[in-house]
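The structure appears right after this line, and notes come after that.
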Amino acid sequence: MTSLTLLLWIAFGITVQFAIFLAVEFWRHWKKYTALRLRSDPDEAVLLPEAAPSSNDAAGKSWTGFLPFKVVRKEVEDEAGSVCSFYLESEDKRPLPPYLPGQFLTFRLEAPAPAGGTEEITRCYSLSDAPRDDLYRVSIKRVPAPSGSALPAGRSSSYFHDHIKPGSRLMVRAPSGHFHIDRSDAPMVLIAGGIGITPMLSMANWCVAEQPGRELWLFYGVRDEREAVMLSHLRELAEQHPNMHLRLCVSNPGTEQESESAYVRRGRVDVALLRMELPLKPYHFYVCGPTPMMESLVPALEDWGVPDNRIHFEAFGPASIKRRAKSAPASAVSESPVAETSLAVTFGKSGRELAWNTGSGSLLELAEAGGVNVPSGCRAGSCGTCQTQIESGEVSYRQEPDFDPEPGTCLLCVCVPKTAVTLGA
Ligand SMILES: Cc1cc2nc3c(=O)[nH]c(=O)nc-3n(C[C@H](O)[C@H](O)[C@H](O)COP(=O)(O)OP(=O)(O)OC[C@H]3O[C@@H](n4cnc5c(N)ncnc54)[C@H](O)[C@@H]3O)c2cc1C
Ligand code: FES
């Protein structure tokens, strides 16, 4: 055998070994990927015995209407001092019904009115801790008056910050909402912008306590670190739980925030960052943040190829998130496309007839622009304040409402007309 033949045999042997190694690695990864994909399919989800309570459990022990609660603790949660947590216990100290991590409470408040006296307002606030049976916690950001305008500061948030303290009494509707984590052990990515961190805190706290083996990423976008809510708690969670990965994305860092750290990233949370950080896996994405972030990130995730059923989101106010496929249940969202032409909307009680077209926005916006007085709260289909009787005609929902409207009624803040319609407002 010549030395050339020997060399060729050695090269051949190395190539064969390398090919076997690649094939084995590919097979291993493929098995892992398939297992995760099956687990993340809701129909084939692996249910864990200690998993979150189901919607039925939560609903079964819940209450209807508003119940009195007592505030037992109030705590500032960020360096900037703009977010406060309120801990609530039921006035009769009964064990609290469980909820699903990500759900919210609805409050009916008697807050000071801008014109003097008080006014009744309804607002929703996400539960910001893992479910427990003695206390509920909500964390509220103060909404200041927009700079350079004569508009007042946020009424509910100012009321909470300025007037609510330990001993205060609050009227609270039971936990509700469709935005919550599922019971599978599929890997998940939580994306929060600003105060949108509150439902994610509930999800993350529950997940690390109950499913420590589950892969969990939290991308938390803030303008500067001083605004980050419960940052030391989040840092501790990430340090103690190897399966939790925290990324704090700071879009406008101050000069003193130069401290480079493994979990701090400069800039906003966007798909480019997700692509860079996340391994290739079938994650479920949970998104909650300000309207511009939601309106750009949700379609961008779809463009990236994330299937519709793995993108879950909640807006804390009006947001028009354009999705390729509608995610709302058939009972809530009309199958038929909304008419492009002008449609007549009659407000029976007010005696007003207005023309709705695609630029008019929701039926609530149409009513307000036409001088029809309709009470509203969240403007996001969550609180039920704008529920109105449909006397004739049909409406479509622009997004899945969290509040289930009674039969024959609709939520004007998230509805548009499908045909000419007469409403009891
Ligand atoms: C499901 C859900 C969960 C939520 N969870 C949380 C949470 O966990 N934490 C949290 O902090 N928030 C949360 N929110 C938001 C919260 O419900 C309130 O919307 C928020 O606190 C602002 O309410 P406000 O009464 O303080 O402000 P509002 O009084 O409603 O004012 C809002 C803004 O409008 C401006 N404004 C006032 N009057 C006018 C006018 N005439 N014309 C135009 N603009 C005006 C105000 O200056 C202010 O900037 C959640 C919302 C939803 C729907
Ligand atoms: S204003 Fe809250 S549901 Fe419409």
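Some points to look at:
- Counting only protein heavy atoms and using a 1.4 Å probe, the accessible area of LEU4 comes to about 110 Å².
- Residues LYS74 and GLU400, FRET efficiency given R0 of 30 Å [Cβ-Cβ distance, rounded to 0.05]: 0.35
- Simple spin-label estimate for SER168 and ALA113 in nanometres, 7 Å along Cα-Cβ: 2.0 nm
- Ordered from largest to smallest accessible area (heavy atoms of protein chains, 1.4 Å probe), the residues ASP308, ASP162, ASP404 come out as ASP404, ASP162, ASP308.
- Segment TRP304..THR5, full-extension length gain: 102.7 nm, with 0.36 nm per residue of separation and the alpha-carbon distance subtracted.
- Protein-only accessible surface at a 1.4 angstrom probe places the residues THR106, THR341 in the order THR341, THR106, largest first.
- Using 0.36 nm per residue and subtracting the Cα-Cα separation, the extra length available between LYS281 and ARG352 on full extension is 20.2 nm.
- The range 188-315: projected area of the alpha-carbon convex hull, averaged over directions, in nm²: 7.4 nm²
- Set against the 2.2 N^0.38 Å expectation for a compact globular protein, the range 343-423 has a Cα radius of gyration ratio of 0.95.
- Note: relative contact order over the range 188-315, using C-alpha pairs below 8 Å and six or more positions apart, is 29 percent.
- Electrostatic tally near GLY167: other residues with Cβ closer than 12 Å to its Cβ, Lys and Arg +1, Asp and Glu -1, net +3.
- Heavy atoms of LYS141: accessible area, 1.4 Å probe, square angstrom to 10: 70 Å²
- The relative contact order of the range 343-423, computed from alpha carbon pairs under 8 Å that lie at least 6 residues apart in sequence, is 37 percent.
The values are calculated or read from the model by the stated rules, or taken from the named source; none is laboratory data. Please read all numbers here as calculations on a predicted model, not as lab measurements. Please note: Cβ atoms are built from the backbone with ideal geometry, for glycine as well, and neighbour counts cover all protein chains shown. The protein model used for the area step is the full one, side chains on, heavy atoms only, and it has no ligands, DNA or RNA in it. Shrake-Rupley method; radii C 1.70, N 1.55, O 1.52, S 1.80 Å.
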